[in-house]
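What follows is a single structure, written as structure tokens, with notes after it.
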Amino acid sequence: MLAIHPRPVVARSGADAGADTPSFPVATRRPSRGVGGTRLGDSPPMRLFRQCAVALALVAIAAADLVAQRRITGRVTEEGTTTPLGSASVQVAGTTTGTYTAANGTFALTAPAGQVTLRIRRIGYQLRTVVVPAGQGSVDVALKRDILQLETQVVTGQQGSIERRNAATAIVQVTAEELNRVPAVSPEQALQGKVVGARINMNSGAPGGGGQIQVRGVTSVLGNGEPLFVIDGVIMSNASIASGANSITRAGGAGAIATVQDNRTNRLADINPAEIEDIQVLKGAAASAIYGSRATNGVVIITTKRGRSGQPRWNVTQRFGTSEILRTVGQRRFPDTASAIAAATLAANATIAREQVIAALNANGGTLPYNEFTSQLFGRTPLSWQTSASVTGGNENTRYSASVGRAFDGGLAVNTDNTRDNARINIDQNVTSRLTARLDLGYARQRANRGISNNSNTPVTSPLYVFGATPSFMELRTRDAQGNFPVNRFGGNANPINASNPFQTLQFVQNEEDVDRIIGAGELNYQAYTSPTHQLRASVLFGFDRFNQENQVYSPNFLQYEPSDGQLGTAVESNGASRQSNLLARVNYEFAPRSLPFRASTEVGATQEEQGLVLTRVRAIGLVPGVPNVNQGQQITTQSRELQRDQAIYVRQQLLAFDDRLFLQGSLRGDRSSNNGDVAKFFLFPGVQGSYRFVNAIPGIDEFKLRASYGETGNRPLYGQRFVILGGNGLIGGVNGLGAVATLGNPNIRPERMAETELGFDLFGFSRRVSLEFTNFDRRITDALLLRNLPNTSGVTTQFDNIGVLRTRGQEVALQVVPAQTRGFTWVSRTAFQRIRQWYGRADGVNPFPPNVGFGAAYGRPRIATGVSSTAIWGNRPVRLNVNGRDTIVVRDTVIAEGNPDFEMFFTNTFTAGRWSLAVQVDWRRGGAMSNVTQNVFDQYRNARDHDAASPCRGATLDREDCWILSGGRQVLVDTSATATLGAWRWQKWNNGQDARVYVQDGSFVKLREVALAYQVPSSLSRRLLGERVGDVRLSLVGRNLLMWSPYWGMDPEVSNFGNNNVGRFVDLAPFPPSRQVFFSLDVGF
Amino acid sequence: MIRRIASVLAATALAAGCSSDRLVVPSFNDPAVGPADRSLLQNLASGLLTEQRGGMAGLVSNVGIFGRESYNYTGSEPRNTSFFLSVFPLDNSGFTNGQWDPRWRNIRNALNLITIADPAPFLTDAEKNAVRGYANTLRALDLFYVVATRDTLGAPTAVDVETNRAQPFVSRDSVYRFISATLDQAATQLAAGGTAFPFTLHAGFAGFTTPATFRQFNRALAARVLVYRGTLGCGNPCYTQALAAIGESFINATPGADLRRGVYHVFSTASGDALNGLNNQVNPDILAHPSYRGDAQRRANGDPDLRFSTKLRTISPARNAPGTGLGIPTDLAFTLYPDQTTPLPIIRNEELILLRAEANIGLGNLSAALPDINFTRVNAGGLEPLTTLGSASDAVTTLLYERRYSLMFEGHRWFDVRRHGRILSLPLDLPTHFRVTVMPVPQAECVFRATLAQELRGPGCP
């Protein structure tokens, strides 16, 4: 078939690419009409399987019944436009006859003589039926866009799926179009604001990614808190492996090579969003129960694009863009020389301060120079680009989809960037009439130069930390004639080897992350038995995910801070090798009796999974100049290894009845894992869900659906928590010392268990122009892993135990309105709202502190306490107590703020006018406090940009609580003079951690998250310019994080010093600055 | 058809992996607790020393700040100044409450070592006694650090390794008595310990590697504890016993005797080993209190006490505390741990000589104390010998001066001034500073005990 008309615009390629999804021709809503009867399952292999079955059936039927048939041709277009719709399915109702439209929208099929009804459907469009009278040989059909996505398929289990309109749980689907509208550093960034019910934040702005997805709040304290990621049936790793930057920043002390404060990248970043067909997020326990003991945190199901039969169809995208610092923290502009000397004295000593101020004055003609270090260092507007090409095609027996792409992200600072290469090929092959095979192979390589950021200790090397200590009169950028950077005398207590010049540091330090990754899957589908009422199918899927992450950190010998540890030069070589595989075997039985108004589907399956991770790190200090290898110098080495294996069996039963109005599903899964205390024991996780649709019951309301579900899922312990071990406590005299470790393992440990009730309704009205989805959920996580307190005087302090209870309640609302849908102009408006309340249930005898989170009570940190929010920020503050009748003020560690937002809202508006389209997404987060330790550092050295603003306590008296501090148990007024400054007030009020509230600040924001303006070039023009074969050409101008409105002082209230964290991702300390990005993009399809 | 379905089901069952054997995954990163052999015994014995060493730099540095010997002016951590000197009372939620968990862990380790060695079929009875004596000596030493830092708060004495239950706090004096008893028991066990330990001791024990010579180390520790007890109320009986213990130790006050002979923690740059955290390169922010300069006595030629000039150096420019004015400038830094691997003394001859002097002063026998005082004055300080110690109070003043300079920055002064009731002799550098008398019991311990019966709650926990 020759493409006569232009293909649909690439912008819709996400929806288009799934055009073969509604399996044809079994894709009927009446069981009797289809070969397969039901179409409950619709994941890729099922689709594949069904297509194959249908193709075969078609051939057979066509051969047998040629005599009594006639030919019908036609063309399918989008309503309101002339855009032809390729890959739409056209089916003769009541028969198994059908076909797909060609890229130009045309189709031709043979139908029985006499009047027939055609059913035409396509992903992203509403189903349409057309009556073709006996004498009519051609028909043109226009399809309406399915803006509310009622007819898309959403997954309901390991492999099953169902139309969204029937689903009994709130499942979020994000299409390729939404994902790829604006380039993102990693898929989670592309998902921000698109998944109602998930909190998605980027930990920093460093190239290469690093972000966190938290579905429906805190699900674990000590266990895994990240969703399970499944890509085409492969359970993939989202590990965050620390780089070894700690060897330079010393954030976690000099002893460790790497720590959680190393600005880690989570490996979801390796996935190329352009390869993705859609992402679905299973949020609730009932929906994800089929994933058993790894499902408590939600399941993110990624489906990549698959091939379609037909001529090869190419798509090439080229994007160019740039980025710029979103916000700078600024630097103090000293009002006079005296204040400059006073500030500088704090970061060095009086002699150096005076000497440096005088030098600066002399070099600048008698006035103090002003340097805004953050914009100077992170002031680049680097070129970024993305190139990708893909092709799909095939015939009835073989279909393929292949793509390659490279994305380069320039970093804001010198020597920082990220390059991601991806290649993928997905093949579907019919082996025999009953057996189909699928083979997928995806490759990724990432090379990131991450720079240095986050917390730092002596020597202070993290740039923002150093800027906090360095007065703005210092000129740090200019190199002398020999190319040397100025020595920064500030921040190291007068000793320059304890300080650093970030311009020198970032110029010469290497912090390189290099990842090679292969993800692949193979699947066999076997159709064991088929009849109009029964179908039995079996499939086996094997998936693997293998990556190697190499990190090289090199700090050359000549850097200012290098002598600090007595050795010149630091080099770290670390290697993380991850190997995962999963095997899934399942049998699916579908039953669609002709005489009864229901269809049923049963699936039984078994899985086996394995995940191994080996981390090896070597650090050397005292290097031969210029050699970044770890061979020379004093070396330390660490290695850790973990391995976990899981086995599970499950059964799922679905029932769709009464004209598809009633939907019921039940599932049960049994899981066992090498991480449990009892490895042989199966833990059972049930799930039930049901929904009923009222159709046209209320005027103006097309459909009203009530949903209810209950499910239980698990979260198995982490590797090692079951072992009672002797810990190595170091080498002495050449011998390894062994002894008890502080935290005892627990041989009886078992999975955490979540039980969740989800209730909701969906409402579709005004001729599908309004939809409202409301969900309320209530979660109770029992057997939560916490550390049981032991008396420290027993020599051990805590023990892992299943003793916690976590509670979560929340609401999710999604409203979609189509305010305008006229010929030539469409406006679709989506508004989402989410709020979560979460707290600890009974938590007696528990160590109140989750390990490794936060900087202590002086700065705010999480704690565990019965009835208190799990994301509450605890910290010191003076409180008034009545002790023996006397008013006493003491410092207490209490709840001072809430890290979880009050609510989040996402607004997306899409306007389409002729060839133009504009999409705007705005994210609003209200509340969600941050511990602003960055500001604390700036205040410590009196360098905050707003230091000289008026103190709120000028002229205040003791009755103002924010104006006194505690000294020796008495209230003492802070500086209340008419010249008192804001920066000094903050520092004084904080007073070395006695009142942490000053630096725990509101993190509310409104962000202009995405803007995308696209123009589709007229085909007449594009063909003239690019040749006859060219289909659609699209130009777009897009931007991400263009604007932010926030009262927050820091660069971005989304950052996290500790990276991904279950309960404590609110610490802002010298992050790599987040950026705004603008891209110009050209898409060509041919 | 049936066969096909059956084969599919069979494949499914196969895939499920009918056996859970695959699910048994070992502990790769740390040894799981198991039966003993000789090499495990060596690891556990060395483990006592690594664990104990791990807390030493913190101990010396912390009590150094409390005792106005040192400062820690880490730029990125102003709490090293503020929390130790200006925020009263000390924060029990971390930072100023060290010397607790690792000490108890090591007491547990010592008991574990005994428990594992006792039934070991490959050990002779003598070897088992040697293990017991070794473990009990080190366990007593850890408990000594606990009570020395907590003083009047007291401490528990026993550790319940089996059930991990909390044990009651007892008074300071009871803890000290328990330590003495444990050391005495260890001495008996060492005496019956044959000729060799069933493991080797590192170079820090050079000269004390057999049960018999290790017993001299044990007696030296016993002497220290007895002298402490003497000053804390026990008086003459303890001083007398202390003199007896010193007699069985390795004291040597003969001309030319090596004052540094003793038992040390050792360090190395080997991977996995530790560096001396008090060394200037390892921790460049540890500085000496400036009062050392003014308080140093003068030698005949007008130069300061040799111990001042050999253990300290002047740095330029002077350094001050980070943040806003919570410390004072100092231009002194320590040089007594010149290398990253300079050993850190546990107890040495110089201390033993001064302990003997102190016991004699305590007994009122000033003339017997004078030669020992003069031994360190002359040999270590290069000062003129004294002809008399003056009054009993003067003698204590002299003794404390000798201990301050002889045992400088080895973790003694704060204990010394406190047990002699002279805590007020510590200077307050700024009006906001205060003098710490005890380190708090960590909050975690107290939070735990708050849920227990009254008799298990204190007195360490308020």
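Results, tabulated for the structure shown:
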| quantity | calculated |
| --- | --- |
| Some residue of the stretch B:84-102 being buried (at least 20 other Cβ atoms within 10 Å of the Cβ), in contact (Cβ under 8 Å) with a residue 60 or more places away in the chain, more than 7 Å from chain A (Cβ to nearest Cβ) and part of a helix (DSSP H, G or I) | yes |
| Top-ranked residue of the stretch A:740-786 - restricted to ones that are more than 14 Å from chain B (Cβ to nearest Cβ) and not in a strand (DSSP E or B), ranked as farthest from A:Ala820 (Cα to Cα) | A:Asn748 |
| Qualifying positions in the stretch B:57-80 - assigned to a helix (DSSP H, G or I) and either at the interface with chain A (Cβ under 9 Å from one of its Cβ atoms) or closer than 15 Å to B:Arg413 by Cβ (or both) | B:Leu59, B:Val60, B:Ser61, B:Asn62, B:Val63, B:Gly64, B:Ile65, B:Phe66, B:Arg79 |
| Candidate set: the stretch A:331-344, residues that are under 17 Å from A:Glu475 (Cβ atoms) and part of a loop (DSSP other than H, G, I, E, B); chosen: the one farthest from the chain's Cα centre (by Cα) | A:Phe334 |
| Residues satisfying the stated conditions in the stretch B:292-340, i.e. assigned to a loop (DSSP other than H, G, I, E, B), among the polar types (S, T, N, Q) and within 12 Å of chain A (Cβ to nearest Cβ) | B:Asn320, B:Thr324, B:Gln340 |
| Residue check, A:Leu966 in a strand (DSSP E or B), more than 39 Å from the chain's Cα centre (by Cα) and either touching a residue at least 40 places away in the same chain (Cβ under 8 Å) or not assigned by TED's automatic domain parsing to the domain that holds A:Gln318 (or both) | yes |
| Some residue of the stretch A:509-521 being part of a loop (DSSP other than H, G, I, E, B), touching a strand residue (DSSP E or B) at 6+ places or on another chain (Cβ under 8 Å) and at negative phi | yes |
| Test: residue in the stretch A:321-338 that is surrounded by fewer than 20 Cβ atoms within 10 Å (Cβ to Cβ), in contact (Cβ under 8 Å) with a residue 12 or more places away in the chain, within 30 Å of A:Ala423 (Cβ to Cβ) and of a type outside the set (Lys, Arg) | yes |
| Subset of the stretch B:270-291 [at the interface with chain A (Cβ under 7 Å from one of its Cβ atoms), touching a residue at least 60 places away in the same chain (Cβ under 8 Å) and under 30 Å from A:Leu738 (Cα atoms)] | B:Ala274 |
| Unmet criterion (only one of (1) at pLDDT 95 or above; (2) crowded, with 20+ Cβ neighbours inside 10 Å; (3) outside any helix (DSSP H, G or I); (4) not polar (S, T, N, Q)) for B:Pro284 | (1) |
| Considering residues of the stretch A:492-510 that are modelled with pLDDT of 90 or more and within 12 Å of another protein chain (Cβ to nearest Cβ) only, the residue surrounded by the fewest Cβ atoms within 10 Å (Cβ to Cβ) | A:Ile497 |
| Qualifying residue in the stretch A:484-491 (condition: closer than 30 Å to A:Ile241 by Cα, within 14 Å of chain B (Cβ to nearest Cβ), part of a helix (DSSP H, G or I) and in contact with a helix residue (DSSP H, G or I) (Cβ under 6 Å, 6 or more places away or on another chain)) | no |
| Qualifying residue in the stretch B:357-371 (condition: out of contact with any strand residue (DSSP E or B) (no Cβ under 6 Å at 6 or more places or on another chain), farther than 24 Å from B:Asn236 by Cβ and away from chain A (no Cβ under 14 Å)) | no |
| A:Ser401 vs. criteria in the same structural domain as A:Ser1081 (by TED's automatic domain parsing), of a type outside the set (A, V, I, L, M, F, W, C), crowded, with 22+ Cβ neighbours inside 10 Å and more than 18 Å from A:Asn551 (Cβ to Cβ) | yes |
| Matching residues, the stretch B:110-133, being touching a residue at least 60 places away in the same chain (Cβ under 8 Å), within 14 Å of chain A (Cβ to nearest Cβ) and over 16 Å from the mean Cα position of the chain (by Cα) | B:Asn112, B:Leu113, B:Ile116, B:Ala117 |
| B:Ala245 vs. criteria touching a helix residue (DSSP H, G or I) at 6+ places or on another chain (Cβ under 7 Å), away from chain A (no Cβ under 14 Å) and surrounded by fewer than 18 Cβ atoms within 10 Å (Cβ to Cβ) | no |
| A:Asn395 being outside the structural domain of A:Ser1056 (by TED's automatic domain parsing) and either out of contact with any helix residue (DSSP H, G or I) (no Cβ under 7 Å at 6 or more places or on another chain) or acidic (Asp, Glu) (or both) | no |
| Residues of the stretch A:970-979 that turn out to be within 14 Å of chain B (Cβ to nearest Cβ) and either within 13 Å of A:Val998 (Cβ to Cβ) or surrounded by 12 or more Cβ atoms within 10 Å (Cβ to Cβ) (or both), as a count | 3 |
| Those helices (runs of 4 or more DSSP H) lying entirely in the stretch B:379-462 with at least 2 residues within 14 Å of another protein chain (Cβ to nearest Cβ) | B:443-449 |
| Elements of type strands (runs of 3 or more DSSP E) in the stretch A:363-465, at least 2 residues being within 26 Å of A:Gln311 (Cβ to Cβ) and of a type in the set (S, T, N, Q) | A:383-394, A:398-410, A:417-430 |
| Leading residue by the ranking (nearest to A:Arg892 (Cα to Cα)) among those in the stretch A:948-962 that are surrounded by 15 or more Cβ atoms within 10 Å (Cβ to Cβ) and touching a strand residue (DSSP E or B) at 6+ places or on another chain (Cβ under 6 Å) | A:Ser951 |
| Scan of the stretch A:320-377 for residues that are β-branched (Val, Ile, Thr) and more than 30 Å from A:Met202 (Cβ to Cβ), ordered by number | A:Thr337, A:Ile341, A:Thr345, A:Thr351, A:Ile352, A:Val357, A:Ile358, A:Thr367 |
| Residue under evaluation A:Arg672, criteria (1) within 14 Å of chain B (Cβ to nearest Cβ); (2) under 28 Å from the mean Cα position of the chain (by Cα); (3) within 30 Å of A:Arg809 (Cβ to Cβ), criterion not met | (3) |
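A quick yes/no check of all residues on (1) surrounded by fewer than 23 Cβ atoms within 10 Å (Cβ to Cβ); (2) farther than 14 Å from B:Ile347 by Cβ; (3) within 14 Å of chain A (Cβ to nearest Cβ); (4) not basic (Lys, Arg):
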{"site": "B:Ala135", "(1), (2), (3), (4)": "no, yes, yes, yes"}
{"site": "B:Asp173", "(1), (2), (3), (4)": "yes, yes, no, yes"}
{"site": "B:Thr200", "(1), (2), (3), (4)": "yes, yes, yes, yes"}
{"site": "B:Gly204", "(1), (2), (3), (4)": "yes, no, yes, yes"}
{"site": "B:Phe208", "(1), (2), (3), (4)": "yes, no, yes, yes"}
{"site": "B:Pro211", "(1), (2), (3), (4)": "no, yes, no, yes"}
{"site": "B:Ala220", "(1), (2), (3), (4)": "no, no, no, yes"}
{"site": "B:Leu232", "(1), (2), (3), (4)": "yes, yes, no, yes"}
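Matching residues to (1) within 11 Å of chain B (Cβ to nearest Cβ); (2) surrounded by fewer than 16 Cβ atoms within 10 Å (Cβ to Cβ); (3) among the basic types (Lys, Arg):
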{"site": "A:Ile621", "(1), (2), (3)": "yes, no, no"}
{"site": "A:Pro625", "(1), (2), (3)": "no, yes, no"}
{"site": "A:Leu643", "(1), (2), (3)": "yes, no, no"}
{"site": "A:Ser667", "(1), (2), (3)": "no, no, no"}
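The values are calculated or read from the model by the stated rules, or taken from the named source; none is laboratory data. Here the structure is a predicted model, which means the values were calculated and not measured. Glycine gets a Cβ as well: all are built from the backbone with ideal geometry, and neighbour counts include every protein chain shown.
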